[in-house]
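Here's the structure we're looking at; comments come further down.
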Amino acid sequence: MKLSSNGRKALVDIITGNTEVSPYRSGPELIEFFHDFGERDLYGQGFPARAGYCADKLDKLNGSAAMQGVILAAFDFLHDERFNAEDEARKFNKLLARDGFRLVIEYGPGRMQGDTYERGEPYFDLQSLTAPTLAPEALAAISHAAVNEQITKANRKLETGDFAGAIASAYTLVEELLKHMLRAANTDHKETDGDIRSLYKAVRAPLGLDPSADSIDKPLQPILTGFQQLVTGLFEISNKASDRHARKYHPAGHHARLATNAAFALCDFLVESFEYQKQRNAKPHNGDSAT
């Protein structure tokens, strides 16, 4: 990873703690910090100024794979209540974006506590601006817990002002959830198809979501029709205002929140419908509505 000169300058301040927005590191502590990245200096008489020493080390490591580790180690003070690591990461991301990366908050494994989902411990990770927003294995199970993990990530982007990234995350969540459900239902579809309009159309039959079906109660028909329109709207705004493609305009915060919240509501309903159909197919039909 190669960091710009402005990015390296800002990183010096974070690592040394000279600007008092991050933990202070003495000369010996700086040596210990860079020991983790292959440096083998010793502290003694003639040790240079701390900021100059740090800058020299960043220049040496710049462009290497170790640079990502240096950045993550520099921001490893999320749990230090004396500082606001999230705020500093937000500022640093404005510089980091020029190099094609951003710092994002991830969470360790979460768990269900009764009906409440509890997130795991937070930590910073580096994300490429050109990488997929959702790993295929992120939805290893079709469950509220799996979806909630992804919702948390999109909400973090909203909080940090990354509105285009939030829309992209929400879109990818819908796309991957639909594909996961189609695989589970053994329904033919193209894995390379990134159009959620066609994916949603394919999933309507196995999930009993076709508003024209006789089994759908009349009060539900306009809602299900609305979901199809919602999917179309999410497709359009993702193409024009997310970082999945070259943006035609920069989305406002309230537009990003509208799009992501709509996507989350859809995903929540899809999970409920999937669970309902799974239970319904496991026992004799009793004449209930398909949804």
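Could you tell me which of rounded, prolate or oblate describes the stretch 3-79, using a ≥ b ≥ c as the square roots of the eigenvalues of the alpha-carbon gyration tensor, with rounded for a/c under 1.5 and, failing that, prolate when a/b is larger than b/c and oblate otherwise? It is rounded, given that a/c, with a ≥ b ≥ c, falls under 1.5.
Shape of the stretch 50-110 from its Cα gyration tensor (a ≥ b ≥ c, root eigenvalues): rounded if a/c is under 1.5, otherwise prolate when a/b > b/c, or oblate? Prolate, because a/c is 1.5 or more and a/b exceeds b/c. Apolar share of the accessible surface for the stretch 1-107: 48 percent from carbon plus sulfur atoms, 1.4 Å probe.
Of the residues Ala10, Ile71, Ala89, the one whose Cα sits farthest towards the positive end of the charge dipole of the stretch 1-133 is Ala10 (charges of +1 on Lys and Arg Cβ, -1 on Asp and Glu Cβ, taken about the Cα centre).
Counting only protein heavy atoms and a 1.4 Å probe, tell me what percentage of the stretch 160-209's accessible area is made up of carbon and sulfur.
For the stretch 160-209, the apolar C and S fraction of the accessible surface comes to 48 percent.
Each peptide among 155-164, 56-65 gets the average number of other Cβ atoms lying within 10 Å of its residues, and from highest to lowest they stand as 155-164, 56-65. Full extension of the chain segment joining Arg40 with Ala184 gains 46.6 nm, where the gain is 0.36 nm per residue of separation less the Cα-Cα distance. Per residue, the accessible area of the stretch 1-94 comes to 55 Å², computed with a 1.4 Å probe over protein heavy atoms only. By a straight-distance test (C-alpha under 27 Å), which lysines pair with Lys190 as possible cross-link partners, with residues fewer than eight away in the same chain excluded? Cα-Cα hits under 27 Å: Lys153, Lys179, Lys201, Lys240, Lys278. What is the stretch 1-134 by shape, rounded, prolate or oblate, if you read a ≥ b ≥ c off the alpha carbon gyration tensor as root eigenvalues and call it rounded for a/c under 1.5, prolate for a/b larger than b/c, and oblate otherwise? Cα axes put the stretch 1-134 in the prolate bin. For the stretch 1-122, the dipole from Cβ point charges (+1 on Lys and Arg, -1 on Asp and Glu) about the Cα centre works out to 560 debye, to the nearest 20.
Too long at a 18 Å Cα-Cα cut-off: which of Lys9/Lys60; Lys9/Lys94; Lys2/Lys94; Lys9/Lys157; Lys9/Lys91? Before the final figure, lay out each step's value.
On the way: Lys9/Lys60 14 Å; Lys9/Lys94 13 Å; Lys2/Lys94 15 Å; Lys9/Lys157 25 Å; Lys9/Lys91 13 Å.
Where the Cα-Cα span goes over 18 Å, the pairs concerned are Lys9/Lys157.
The distance between label points at Arg280 and Gln229 comes to 2.4 nm (points 7 Å beyond Cα on the Cα→Cβ vector).
Annotation for Ser215 and His250: the two label points, set 7 Å from Cα along the Cα-Cβ direction, are 4.9 nm apart.
The values are calculated or read from the model by the stated rules, or taken from the named source; none is laboratory data. The structure presented is a predicted model; accordingly, all values stated were derived computationally and were not measured. So basically every Cβ, Gly included, is an ideal-geometry build from the backbone, and we count neighbours across all protein chains shown. Accessible surface areas use protein heavy atoms only, side chains included; no ligands, DNA or RNA. Shrake-Rupley method; radii C 1.70, N 1.55, O 1.52, S 1.80 Å.
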